[in-house]
1. Just add up the charged neighbours of Asp177: K/R +1, D/E -1, any other residue whose Cβ is under 13 Å from the Cβ of Asp177.
2. I'd like to know which of His353, Ala59, Ser342 lies farthest towards the positive end of the charge dipole of the chain, counting +1 on Cβ of Lys and Arg and -1 on Cβ of Asp and Glu.
3. Pull up the cross-link candidates among the lysines for Lys360, meaning alpha carbon to alpha carbon under 25 Å and not fewer than 8 places away within one chain.
4. What three numbers, in Å, describe the spread of the alpha carbons of the chain along their principal axes, ordered from the longest?
5. When a/c is below 1.5 the answer is rounded, else prolate if a/b is larger than b/c, else oblate, so apply that to the range 11-123 with a ≥ b ≥ c taken from the square roots of the Cα gyration tensor eigenvalues.
6. Around Leu210, with a cut-off of 11 angstrom between Cβ atoms, what is the net charge of the other residues, counting Lys and Arg +1 and Asp and Glu -1?
7. Can you pull the percent of the chain's accessible area that's carbon plus sulfur, 1.4 Å probe, other chains left in place?
8. Using the alpha-carbon atoms, what tilt in degrees (0 to 90, nearest 10) does helix 46-59 show relative to the longest principal axis of the chain?
Amino acid sequence: MSLNHVRPWRNIYRRKSRQIMVGNVPVGGDAPIAVQTMTNTLTTDVAGTIAQVQAAAEAGADIVRISVPDEASSKALKEIVRESPVPIVADIHFHYRRGIEAAEAGAACLRINPGNIGDEKRVKEVIKAAQDHNCSIRIGVNAGSLEKHLLEKYGEPCPEAMVESGLEHIRILQDNDFHEFKISVKASDVFLSAAAYQGIAEATDAPIHLGITEAGGLVSGTIKSAIGLGNLLWMGIGDTIRVSLSADPVEEVKVGFEILKSLGLRHRGVNIISCPSCARQGFDVIKTVEALEQRLEHIKTPMSLSIIGCVVNGPGEALMTDVGFTGGGAGSGMVYLAGKASHKMSNDQMIDHIVEEVEKKAAELDAVAEAAE
Ligand code: SF4
C-alpha cells in the first residue's frame with residue numbers, strides 16, 4: 001500500500017496476510033481489498049441469478065457468493081459459473097455433498113465450516129474436491145451459530161469463542177494440508193464483530209473476509225457496516241469485504257466501494273463531493289447531485305467532481321477535484337477544470353455539460369493510464 005509521506009495522518013498500515021486466489025481474484029497480501037456481495041434469487045432460477053451476478057459485477061463486485069442449499073442448486077450453479085464474469089463462492093451449510101458438487105460445478109471458493117460437515121471422512125472428501133478443482137475455502141464463523149461446546153465453555157457468543165471456533169476450523173484444514181483459505185468471524189453486533197476480528201487477525205495470517213452480518217436495511221445497515229468495517233479497515237484489518245443489507249446486492253456493492261473509497265483503499269468511478277445546500281445555493285444542489293449520480297454511473301475511471309451550491313466553499317473544494325461546478329447566482333455558475341476556474345455555464349444546461357466534461361476527463365485519464373502500462 002502506498003504511504004503518504006506528506007500527509008502521514010492519512011496512512012493505513014495494512015495487516016500482513018498471505019495471499020490466496022479466489023478464481024482469478026487475489027485475496028490478501030498486497031492485493032486490492034476485494035468487494036463481494038451475495039445473490040438473493042433462487043439459485044435454481046438460473047437466468048435471474050445470472051442477471052443479478054452480472055448487475056453486481058457491473059457495479060464493481062469482484063466476487064459473488066451464491067447459496068447452494070440442494071442438489072438442484074448445485075446443477076444450476078454449473079450454468080451460472082459458466083456465464084459469470086466474476087468468480088463465484090458457493091455458500092454451503094452442513095451438507096458435505098453440496099460442497100463436493102459445488103467444487104465440481106466450478107465454484108472458485110466454498111464457504112463452508114469444516115467442523116460442521118460431519119466425520120473426518122466427509123471433511124477429507126470435501127477438501128479433496130476443493131483441491132482437485134482449484135477451489136479455495138472461506139471459513140465463516142458466525143456468532144449466531146457457534147458450536148455447542150464453545151457456547152457451554154464461554155456461556156455466550158463472545159470474541160474469544162469466535163476466535164476459538166475459527167482456529168478449530170483452521171486446524172482441520174491445515175491438518176489436511178489445505179492452506180488456500182480465508183476466514184470471517186461475523187456478528188450482527190458491531191462491538192462483538194470488531195473484537196472478534198481483531199482477535200483472529202492476531203491469531204492467523206490467513207486473509208480475512210470482513211462483514212457485519214444481518215446489518216439491517218439500506219440506511220441502518222450501511223451505517224452499521226461503515227462503523228464496523230470502517231474501523232477494522234482503518235486498523236489495517238480486512239482483505240475482502242461484504243456489506244450485508246436487506247437490499248439489492250447492487251446496493252451492497254455500492255456501499256462496500258464507498259467505505260473503501262472513504263478510506264482511500266480503493267478508487268472507482270466518480271467521487272462526488274457536494275454540499276448539503278442551504279438558502280445560499282445558486283442552483284438545486286440535491287436534485288443535481290441525484291441526477292449526476294445516475295448519469296455518471298457508467299464511469300469506472302477514478303476521478304473527483306465537486307458540486308457546490310455557492311462560493312462559500314465552491315472554489316476551495318474545486319481546487320482539489322478534477323471537475324467542479326460552483327453556483328454563482330443569476331442562473332449560472334462557474335465550471336472548474338483541474339482546480340482552476342474555466343468557464344461559466346447556465347444552470348439549466350449544466351447537468352449535460354458536467355456529464356460531458358466528466359466523460360472527457362475520464363477518457364483523458366484512461367489514455368494516461370494506458371500509456372503508463
Ligand atoms: S456551499 Fe454554499 S450553498 Fe452549499 S451549504 Fe455551504 S453555504 Fe450553503
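1. Working: positive: Lys124, Lys128, Arg171; negative: Asp175, Glu180.
That sum, taken over residues with Cβ under 13 Å, equals +1.
2. About the Cα centre, the residue reaching furthest to the positive side is Ser342.
3. Lys254, Lys261, Lys287, Lys300, Lys340, Lys344
4. On the principal axes, the chain reaches 76, 42, 39 Å in Cα extent.
5. Details: a/c = 2.34, a/b = 1.18, b/c = 1.98.
Here the range 11-123 falls in the oblate category.
6. Working: positive: Lys182, Lys186, Arg242; negative: Asp239.
Neighbourhood net charge equals +2.
7. Values: 9220 of 17520 Å².
Percent of accessible area from carbon and sulfur atoms in the chain: 53.
8. Long axis of 46-59 versus the principal axis of the chain: about 50 degrees.
The values are calculated or read from the model by the stated rules, or taken from the named source; none is laboratory data. If you're wondering where the values come from, they're calculated on a predicted model, not measured in any experiment. All Cβ positions, glycine included, derive from the backbone under ideal geometry; neighbour counts span all protein chains shown. Side chains are part of the model used for accessible areas, which takes the heavy atoms of the whole protein and leaves out ligands, DNA and RNA. Shrake-Rupley method; radii C 1.70, N 1.55, O 1.52, S 1.80 Å.
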